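Some notes on the structure that comes next.
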């Protein structure tokens, strides 16, 4: 009896290993293919075998040397600059809004929170056209500041997670500081922020990663001004029909180059995400 | 059921009872939700009435200086030792009038018709070449008119605050107190009024770049702004609910109504399949990874989670390229002597199944990440008693794990359902809506969701009014679902639990 129980358990374990192994391979295989074929020397778009016959670094070098048609280094720099500025403004907005909503008590606080939630529910695409004309009126279309504005202006609406985090910091701390004569401003900078490292890192990373992954806004705002494209938009351009045959391998190489830093940052963020969200979201 | 009866139940039955109770409470919660909204408006109206009463009584009771500040803003504060504050109020008033005289009023005047002077073609007398004489631009009238209305609301707010401040300054003097100096007032913005300091910049950004565009687009839905009425060449005007009627009118042949109905059906099917396929598969995989006897847990987890870390546009573009007619999957299939499959260009059914499956590749790792913690929290004794009763793992999954998870993660499920209704990236990057062989669909393909249709309507055919109307309808559905979730979850009510 006990033997058969053990046997059935081993069998079920083996089944699980097979399923996990098979599905795991299925899950990583496109990414492995991406990396392998970004080093491929021969062929154009697709080749009928899994492992490339010859390996080369040319696809990567071409990205940085042959910049007449697709100026990859410039796009990379554009994206980096936009991401840095958007990240600074977004992080400040998010932290300020969530601190005010979480720690300060003022009239119509609830109204503000509800308005913020409702605004967040409109499909983002609805505002894009109006936003475009607004930026045009400000003479900002086809420029990088326009992108910074688009990525960071609405950031304050994403206060939910960090508000949840601030809610968990005991109010007794604030009260003690107030008795000692600290103003709310001092409490924010000297007491709350130093205690909020996980949520700060999380906010910084998410708002930094955002611009690297979006291309819809870039498409609308930049039109055909290729010099101001971001990486995502440029890579999508490479896969269009007229360029695909010549640039597909460069597209693969370019994707790998973006994916590496973003993946590393994401993995870093993951740790803080778990800390920050479990602290902020236990209340479910 | 009494408490004792409940206590006597077996653990599995307890969970079942709780789950049943939870779902039977939903209608009740809905009605509470409706009442909350009704109450909100009742309070709002009461507040407005109270505001007007206060406004009148302050005028009646105030002295001369207070009365003057009902016309010259800041006068009351200026004459009572608060020079800086008074000047600030006055500056706001002057700036507003300058803005209105030079800019706002011209647009506001035409707001009711959205312009009447058409752009015409004439011959330039000097050069003899045709040239166009630009008339009114309806789009700019609508945009700047909306801006002017928003600014006016802000000024009304400042104006009311001004009357209050003037009256308070008067009362303070009468009571023998000294009014705050500018310096003290400013210092208060770092302490007592710190919320103003913290919120003003984000609120300004959100008002200009979110609320203004949103108000503009909502208004567009009630105009005739489409491909035939595009400024600056043509005018458009208010048409009331006409656009919404067109969206709901199903006629023979290619029409917006037909497209709306068929895309709505597909959007709902998509949202259901995308949500539940990811949920179930992700949960089963998480259970497998976390089974006690399984080794290399972190290896398995990393294998799945790595796809989350790679930027979505990279993985989706990659998938799109691999599954093209000449993509690597088909090339390999051909090599192996099999029939190549046209994933995106043959029938609607094949394309739809493909996007749902690819979406699993993208979404399942998220579920694994999010459910692992909750799965580990399911009380172990539930499983123990089930095992003693001789339940197989499959029975345990359907009788214990699934009901428990559904109970705990309903808010998460509704959230991801809403997310999938708005899942622009997956559809846009994978199929771009294709295959578009159905001639009855207006500006859309078989796999287009409502949001991607909205995008195409604005980008390809300039049907701004239809796009705005679709956007509003999507918003209504999503907002209702999200608000219900928010009300169901405890976090909104127990906000102060920790502090």
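The values are calculated or read from the model by the stated rules, or taken from the named source; none is laboratory data. The structure displayed is predicted, hence computed values, not measured ones. Ideal geometry is used to build each Cβ from the backbone, glycine not excepted, and the neighbour counts take in all protein chains shown.
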Exercise. How many residues, within region B:55-98, are in a helix (DSSP H, G or I) and free of Cβ contacts under 8 Å to residues at least 24 places away in the same chain?
Worked result: 16
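Residues are listed down the side, and each one gets a yes or a no for (1) in contact with a strand residue (DSSP E or B) (Cβ under 7 Å, 6 or more places away or on another chain); (2) at pLDDT 85 or above; (3) not in a loop (DSSP other than H, G, I, E, B):
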| position | (1), (2), (3) |
| --- | --- |
| B:406 | no, no, yes |
| B:415 | no, no, yes |
| B:433 | no, no, no |
| B:436 | no, no, no |
| B:466 | no, yes, yes |
| B:471 | no, yes, yes |
| B:480 | no, no, yes |
| B:483 | no, no, yes |
| B:497 | no, no, no |
Exercise. Can you pull out the residues in region B:410-426 that are facing chain A (nearest Cβ under 9 Å) and over 14 Å from the mean Cα position of the chain (by Cα)?
Worked result: B:411, B:425
Seminar exercise, completed: Per the list (1) without any contact (Cβ under 8 Å) to a residue 12 or more places away in the chain; (2) facing chain B (nearest Cβ under 10 Å), residue check on residue A:189 breaks on (2)
Exercise. Residues in region A:221-238: is at least one in contact with a helix residue (DSSP H, G or I) (Cβ under 7 Å, 6 or more places away or on another chain) and farther than 30 Å from residue A:58 by Cα?
Worked result: yes
Exercise. Restricting to region B:290-307, what's the tally of residues that are more than 7 Å from chain A (Cβ to nearest Cβ) and either part of a helix (DSSP H, G or I) or surrounded by 16 or more Cβ atoms within 10 Å (Cβ to Cβ) (or both)?
Worked result: 7
Exercise. On the given criteria, is residue B:456 more than 13 Å from chain A (Cβ to nearest Cβ) and either out of contact with any helix residue (DSSP H, G or I) (no Cβ under 6 Å at 6 or more places or on another chain) or within 17 Å of residue B:271 (Cβ to Cβ) (or both)?
Worked result: no
Seminar exercise, completed: Apart from one, (1) under 26 Å from the mean Cα position of the chain (by Cα); (2) within 7 Å of chain A (Cβ to nearest Cβ); (3) farther than 30 Å from residue B:133 by Cβ all hold for residue B:190; the odd one out is (1)
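Every residue, every condition in (1) over 25 Å from residue B:327 (Cβ atoms); (2) touching a helix residue (DSSP H, G or I) at 6+ places or on another chain (Cβ under 8 Å); (3) modelled with pLDDT of 90 or more, yes or no:
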{"residue": "A:46", "(1), (2), (3)": "no, yes, no"}
{"residue": "A:49", "(1), (2), (3)": "no, yes, no"}
{"residue": "A:53", "(1), (2), (3)": "no, no, no"}
{"residue": "A:63", "(1), (2), (3)": "no, yes, no"}
{"residue": "A:66", "(1), (2), (3)": "no, no, no"}
{"residue": "A:76", "(1), (2), (3)": "yes, yes, yes"}
{"residue": "A:83", "(1), (2), (3)": "yes, yes, yes"}
Exercise. Residues in region B:166-174: is at least one within 14 Å of chain A (Cβ to nearest Cβ), surrounded by fewer than 21 Cβ atoms within 10 Å (Cβ to Cβ), farther than 25 Å from residue B:472 by Cβ and at pLDDT 85 or above?
Worked result: no
For this session: State which residue is surrounded by the most Cβ atoms within 10 Å (Cβ to Cβ) when the search covers only region B:197-234 and only residues that are more than 10 Å from every other protein chain (Cβ to nearest Cβ) and more than 22 Å from residue B:256 (Cβ to Cβ).
Result: B:232
For this session: Give B:181, B:163 a once-over and let me know the one that is at pLDDT below 90, under 20 Å from residue B:79 (Cβ atoms) and more than 26 Å from the chain's Cα centre (by Cα).
Result: B:181
For this session: Tell me the helices (runs of 4 or more DSSP H) entirely within region B:129-230 that contain at least 3 residues that are in the same structural domain as residue B:78 (by TED's automatic domain parsing) and in contact (Cβ under 8 Å) with a residue 60 or more places away in the chain.
Result: B:138-174, B:212-220
Seminar exercise, completed: Residue set B:29, B:7; condition surrounded by 12 or more Cβ atoms within 10 Å (Cβ to Cβ), touching a helix residue (DSSP H, G or I) at 6+ places or on another chain (Cβ under 9 Å) and not assigned by TED's automatic domain parsing to the domain that holds residue B:388; output residue B:29
For this session: Scan B:113, B:119 and give me the residue that is under 30 Å from residue B:227 (Cβ atoms), over 33 Å from the mean Cα position of the chain (by Cα), assigned by TED's automatic domain parsing to the domain that holds residue B:205 and in contact (Cβ under 8 Å) with a residue 60 or more places away in the chain.
Result: B:119
For this session: Given the conditions (1) without any contact (Cβ under 8 Å) to a residue 24 or more places away in the chain; (2) away from every other protein chain (no Cβ under 14 Å); (3) not in a loop (DSSP other than H, G, I, E, B), report the number of the one that residue A:74 does not fulfil.
Result: (1)
For this session: Return the residue satisfying two criteria in turn: it lies in region A:96-112 and is in contact (Cβ under 8 Å) with a residue 40 or more places away in the chain and more than 8 Å from every other protein chain (Cβ to nearest Cβ), and of such residues it is surrounded by the most Cβ atoms within 10 Å (Cβ to Cβ).
Result: A:98
Exercise. Quick one: which of A:159, A:215 is surrounded by 22 or more Cβ atoms within 10 Å (Cβ to Cβ) and under 13 Å from the mean Cα position of the chain (by Cα)?
Worked result: A:215
Exercise. Taking region B:358-378, which residues are surrounded by 13 or more Cβ atoms within 10 Å (Cβ to Cβ) and more than 11 Å from every other protein chain (Cβ to nearest Cβ)?
Worked result: B:359, B:363, B:366, B:367, B:371, B:375, B:378
For this session: Consider residue A:30 carefully, then state whether it is outside any helix (DSSP H, G or I), within 12 Å of another protein chain (Cβ to nearest Cβ) and surrounded by 13 or more Cβ atoms within 10 Å (Cβ to Cβ).
Result: no
For this session: Residue by residue through region A:228-247, note down the ones that are within 11 Å of chain B (Cβ to nearest Cβ), buried (at least 24 other Cβ atoms within 10 Å of the Cβ) and not in a helix (DSSP H, G or I).
Result: A:230
